[in-house]
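Working notes, structure below.
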Amino acid sequence: MANYDKKEPGFTQLPEMHSAGLRGPKHLNEHADFITSQPQDAPPKEKSHNKKEESSSPLVYDPQYILQVRDLKKYFPIKDGLLARTVGYVKAVDGVTFNLKRGTTMGLVGESGCGKTTTGRAILRLSGDKTGGDVLFNGKEVYDLTKQELHDARTKMQIIFQDPFSSLSPRMPVGEIIGEAVKEHNLVPRAEYEDYLDNIMDKCGLQPFHKDRYPHEFSGGQRQRICIARALALNPEFVVCDEPVSALDVSIQAQIINLLEDLQDQFGLTYLFISHDLSVVEHISDTVGVMYLGNLVEYGATEDIFRNPLHPYTKALFSAIPVPDPTVKMKRIVLEGSIPSPANPPEGCKVHTRCANCMEQCKHVAPVQKEIEPGHFVVCHLYNDVKAVGE
Ligand SMILES: Nc1ncnc2c1ncn2[C@@H]1O[C@H](COP(=O)(O)OP(=O)(O)OP(=O)(O)O)[C@@H](O)[C@H]1O
Ligand code: SF4
Ligand SMILES: [Mg+2]
């Protein structure tokens, strides 16, 4: 069984970790009986069923949150014909709302294509204009920043990608890769630059002599350390970690997770941690958001989400976590069919085409977000009659 506990002796050597063999939380058995491109044409205004979405009041800054996201939408145009006319939109992110506390980690999970990466990139304003919604970073709307302000803010908001090889220039020595943006942003005096670089590399488990080597001379885990060092060198406050360990050997994954946690402790970093690996997400995250077809269907504290998943989709997703105890019988909840296209999402609740609990209203009316217990939000008609927090 994987053990991410840094206190565990031998962990920093090669832990006997296998992601697929990670033991899911025992409590999951209790729930096992359920089933850049930028839009060039303005996307259509959609009728919203969500009162919150209809609200046009400005988003008020709450200093406990480094990031406040409200009803974020990012559509990609679908072009057709010789004139490349826009014939539709891929609604990759279709109304995502959450707040992220400073110094914490939010895990973002969901099936492939549900919009996790697009959400991360849209928050960082890396995919052109947003289609709608608000993104406040330290109280400032990211999409209202001027070019210069955005350039400055880039040091505070970083991203680490899944594939450490393709995100590193093969022709640059590692020292230059890590230090390039440090120089560009004039973050340290010239005389202190080399020491600064050595220090960052040391924190990320790299040796000073690695500076003169090229990415292809490193293993996958070391290359991800280089990516982390490059992000950290800019002294960021917030890092989007997009599947940062998925491409790595299972024995290396835990080392990188530990490194991210160490750096978070040392520098007070805030992470948005995107991953398919629910066990890793459970370990590293303080809060978890579950995405389906461009929306967060459930969101809350990690413990609440894992111990008491409420949304039928979350229950199905979590029922797939393997439990390596042959005496424990897991009942897998199988979602019918495949995930619909985000270019043509189903009417009403987007999950209704695959949900075993689907009711008539689910086919026509989109459910609204409800806070069932403090900080635990769910978007599902099953909870229409449940008294929400504050009601
Ligand atoms: N630049 C783009 N242009 C058009 N469509 C895009 C673009 N980027 C993403 N999409 C589409 O948006 C949807 C969401 O993609 P996204 O990469 O955000 O999903 P994901 O949840 O990160 O998936 P994965 O787990 O496979 O990484 C997909 O249907 C994808 O094809
Ligand atoms: S709203 Fe209806 S279809 Fe959607 S998840 Fe809930 S029960 Fe299933
Ligand atoms: Mg992705």
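Every read-out reported here was derived from the displayed coordinates using simple, explicitly stated rules and does not represent laboratory data. Predicted, not measured: the structure shown is a model, and the values here were computed from it. Glycine gets a Cβ as well: all are built from the backbone with ideal geometry, and neighbour counts include every protein chain shown.
A few remarks follow.
- Whichever residue in segment 150-165 is over 23 Å from Ala247 (Cα atoms) and in contact with a strand residue (DSSP E or B) (Cβ under 8 Å, 6 or more places away or on another chain) and, among such residues, is surrounded by the most Cβ atoms within 10 Å (Cβ to Cβ): Ala153
- Among residues that are more than 16 Å from ligand 1 (Cβ to nearest atom), surrounded by fewer than 13 Cβ atoms within 10 Å (Cβ to Cβ) and under 23 Å from Gly115 (Cβ atoms), Glu336 is included.
- The single condition from (1) surrounded by fewer than 18 Cβ atoms within 10 Å (Cβ to Cβ); (2) touching a strand residue (DSSP E or B) at 6+ places or on another chain (Cβ under 7 Å); (3) closer than 17 Å to Ile160 by Cα that Val239 fails is (1).
- Qualifying residue in segment 267-281 (condition: part of a loop (DSSP other than H, G, I, E, B), among the aliphatic types (A, V, I, L, M) and farther than 20 Å from Gly175 by Cβ): yes
- Of the residues making up segment 228-266, those that are part of a helix (DSSP H, G or I), out of contact with any Gly (no Cβ under 7 Å at 6 or more places or on another chain) and of a type in the set (Val, Ile, Thr) are Ile228, Val250, Ile257.
- Subset of segment 282-316 (residues that are among the charged types (D, E, K, R) and more than 14 Å from ligand 2 (Cβ to nearest atom)): Glu282, Asp286, Glu303, Asp304, Arg307
- Qualifying residue in segment 298-309 (condition: within 15 Å of ligand 1 (Cβ to nearest atom), outside any helix (DSSP H, G or I) and in contact with a helix residue (DSSP H, G or I) (Cβ under 8 Å, 6 or more places away or on another chain)): no
- Restricting segment 340-369 to residues that are surrounded by 20 or more Cβ atoms within 10 Å (Cβ to Cβ) and farther than 28 Å from Pro77 by Cβ, the residue that is farthest from ligand 3 (Cβ to nearest atom): Cys362
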